[in-house]
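*Asks:* This is the structure I want to talk about, given as C-alpha cells.
The values are calculated or read from the model by the stated rules, or taken from the named source; none is laboratory data. Just so we're clear, the structure is a prediction, and the values are computed from it rather than from any experiment. So basically every Cβ, Gly included, is an ideal-geometry build from the backbone, and we count neighbours across all protein chains shown. Note: areas computed on protein heavy atoms with side chains; ligands, DNA, RNA excluded. Shrake-Rupley method; radii C 1.70, N 1.55, O 1.52, S 1.80 Å.
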Amino acid sequence: MTQDELKALVGRAALDYVVPGSVVGVGTGSTVNCFIDALASVKGRIAGAVSSSLQSTARLQALGIRVFDANELTGIPVYVDGADEIDAAGFMVKGGGAALTREKIVADLAERFVCIADESKLVAVMGNFPLPVEVIPMAAAQVTRRFAAAFGGVATLRAGVTTDNGNVLLDVRGLALTDPLAMETEINQWPGVVTVGIFARHRARVCLLGTTQGVRRLSFD
Ligand code: 5RP
C-alpha cells in the first residue's frame, strides 16, 4: 500500500470513534483530509465539526459539514488529528502543517484525542522531526536563544509562513524529547511562546496506525 492509501485507511477507521449526534473535533493535514472526506459520508448523523485551521474549515464546508466556532461549545467527545511523531505513551510532536495552536485548543475541548497516522510516525524517542513552535514575531530571536541555552536546540524561522493567528513558526532541530511533559511545561513559560508543538498534556488516548497489514490500534489509557 502507498502512504496515501494508508492515510485513507486510517481516515476511514476513525469513523468508528465518531459519536452520533455530537460535534466532532477535526485536526489538520493530509491524513485528516482523508478523515474529512470519510466524515462526509456520515454528515447526516453528526451535529457538525469544530475545526483546527482555516484549511480544514474550507474542506469541511465544501463537503456540506457545519463548522462550529470553538466558543460555542463547552466540550466535545472526540478530536481526530494526525501527528508528525508519536511515541509509545501517546505523546506527540505536531505542527508540521502550522496549525498547532488551534489544534491544541480543540484538543483541550475534547474528552479523547484519536491520532491517525501512518506507521512511519511511531518512534521510540521524539525529536527527529524538527519541533514546531508558534511565537509572537518580536520574540523569535529570544526564543531561538533560549532553545540553544536550555536544550542545545537549533531553531530556524519557517520561511514564508504566517499562522492562522498571525504569528511566526520556529522549527527546532537537535532535540531529544526524553521527557516531553517537562519540556512542554518549561517551553510554555517562555515569554512570546504561543504554543509548543509537544502534545504531552494533550496526548493521544488512541492511535490508529496505518500499516501494510492494516490498521493497528494502540491504546494509551
Ligand atoms: C498540522 C499537524 C499535522 O497533524 C501533522 O503535520 C501531520 O500531518 P500529515 O497528516 O499531513 O502527515 O500537526 O499542524
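*Asks:* Which percent of the accessible heavy-atom area of the chain goes to carbon and sulfur, probe 1.4 angstrom?
*Replies:* Values: 4940 of 9580 Å².
Heavy-atom surface of the chain belonging to carbon and sulfur, 1.4 Å probe: 52 percent.
*Asks:* I would also like to ask the following. What whole-number value in Å² describes the accessible area per residue of the stretch 5-105 for a 1.4 Å probe?
*Replies:* Values: 3760 Å² over 101 residues.
Each residue of the stretch 5-105 exposes 37 Å² on average to a 1.4 Å probe.
*Asks:* Between Ala89 and Glu5, what is 0.36 nm times their sequence separation minus the Cα-Cα distance? Round to one decimal in nm. Can you show the working numbers first?
*Replies:* Values: separation 84, 0.36 × 84 = 30.24 nm, distance 2.57 nm.
So the chain would gain 27.7 nm between Ala89 and Glu5.
*Asks:* Note down the net charge around Asp221, summing +1 for each Lys or Arg and -1 for each Asp or Glu among other residues with Cβ under 10 Å from its Cβ.
*Replies:* On the way: positive: Arg112, Arg205; negative: none.
Its environment carries a net charge of +2.
*Asks:* Residue separation times 0.36 nm, minus the C-alpha to C-alpha distance between Ala149 and Leu109: what's the value? Could you put the intermediate results ahead of the total?
*Replies:* Working: separation 40, 0.36 × 40 = 14.40 nm, distance 3.37 nm.
Residue separation times 0.36 nm, minus the Cα-Cα distance, leaves 11.0 nm.
*Asks:* Go through the chain and flag any cysteine with no other cysteine's C-beta closer than 4.7 Å, please.
*Replies:* Cys34
*Asks:* Using helices alone, what [θ] at 222 nm do you get for the chain, with -39,500 (n - 2.57) per DSSP H run of 4 or more residues, divided over all residues and rounded to the nearest 500? Spell out each step's value before the answer.
*Replies:* On the way: 6 runs with 61 residues, N = 221.
Result for the chain, helices only: -8000 deg cm²/dmol.
*Asks:* Each label point is 7 Å from the Cα along the Cα-to-Cβ direction; what then is the distance between the points at Arg173 and Ile136, in nm?
*Replies:* My value for the distance between the label points is 2.9 nm.
*Asks:* So, with +1 on the Cβ of K and R and -1 on the Cβ of D and E, and no other charges, what is the size of the charge dipole of the chain about its Cα centre, to the nearest 20 debye? Walk me through the numbers before you get to the answer.
*Replies:* Numbers: 20 positive and 22 negative charges, 30 e Å.
It works out to roughly 140 debye.
*Asks:* What distance in nm separates the two pseudo spin-label positions at Trp190 and Leu218, each 7 Å out from Cα along the beta-carbon direction?
*Replies:* Placing both labels 7 Å along Cα→Cβ, they lie 2.6 nm apart.
*Asks:* Projected onto the charge dipole of the chain (+1 at Lys/Arg Cβ, -1 at Asp/Glu Cβ, origin at the Cα centre), which of Pro132, Thr185, Val24 gives the Cα projection farthest towards the positive end?
*Replies:* Selected residue: Val24.
*Asks:* Amide H neighbours of Ile76 under 5 Å, at least 5 residues apart or on other chains, H built in the peptide plane: list them.
*Replies:* When sequence neighbours closer than 5 places are left aside, the close amide H contacts are Ala110, Glu111.
*Asks:* Between Ile86, Ile76, Ile116, find the one with the highest GNM mean-square fluctuation for the chain; connect C-alpha pairs within less than 10 Å.
*Replies:* Comparing Ile86, Ile76, Ile116 in a Gaussian network model of the chain, the most mobile one is Ile76.
*Asks:* Give the lysines reachable from Lys104 as a straight Cα distance under 21 Å; neighbours fewer than 8 places away on the same chain don't count.
*Replies:* Answer for Lys104, where 21 Å is the Cα cut-off: Lys94, Lys121, listed by chain and number.
*Asks:* Out of all DSSP beta bridges in the chain, what portion is antiparallel? Express it as a percent rounded to 5.
*Replies:* Numbers: 23 of 42 bridges.
Restricted to the chain, the bridges split so that about 55 percent are antiparallel.
*Asks:* Obtain the nm distance between the two label points defined at Ala182 and Thr156 by a simple spin-label model: each point lies 7 Å from its Cα along the Cα-to-C-beta direction.
*Replies:* The modelled label-to-label distance comes out at 2.9 nm.
*Asks:* Find the accessible area per residue for the stretch 131-196; the probe is 1.4 Å, ligands and nucleic acids are left out, and the unit is Å². Walk me through the numbers on the way to the answer.
*Replies:* Numbers: 3130 Å² over 66 residues.
For the stretch 131-196, the solvent-accessible area averages 47 Å² per residue.
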